1. Conditions first: (1) of a type in the set (K, R); (2) at pLDDT below 90; (3) within 40 Å of the chain's Cα centre (by Cα). K67 passes all but one, so which condition is the exception?
Amino acid sequence: MTEVVLVNNNPTVEDPADTSDDDASVKTEVRAPPQEVAPKEPKEEEKADAFLAAIMNLWAMLTGKVKEIDENAGISIKVAKFDEDHHVTEHVSEAWANALKKAGEMTESVKAKLPVWNKGEENEQEKEKEWVEVEEKTQ
């Protein structure tokens, strides 16, 4: 947007009677808009802080909504009652322990069948033997 400014180019006259309003000339001049200063680029640390603040704000809003819904519907009370009646937590814990035990057993059986792992163990045993032999020779 351009700005129009009125500029008075009349010379200064000592006797105001010598000049009349008809003689006064007023010149208009068009000025360029003021230069806008480019915004300073935020530092990486400021960007990270702003991002973290936005994430924390989002998290606070979500947890607030979850609590509000839980209070209105009573979900946590219903879940606790269901768990108490059917012992779901205990069954899940037992199933998880059994799965880990079975996975361990399967890993051991696979280790025994694959020569790659056995070879690695044999190499370790050979290295130990070499160290023992070197120690015996040096003594």
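The values are calculated or read from the model by the stated rules, or taken from the named source; none is laboratory data. Because the structure is a prediction, the values reported are computed rather than measured. Virtual Cβ from ideal backbone geometry, glycine too; neighbours counted across all protein chains shown.
1. (2)
The rows are residues; the columns are (1) exposed (fewer than 10 other Cβ atoms within 10 Å of the Cβ); (2) at pLDDT below 70; (3) more than 60 Å from the chain's Cα centre (by Cα).
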position	(1), (2), (3)
E3	no, yes, no
N10	no, yes, yes
V13	no, yes, yes
T19	no, yes, yes
S25	yes, yes, yes
T28	yes, yes, no
E36	yes, no, no
E46	no, no, no
L58	no, no, no
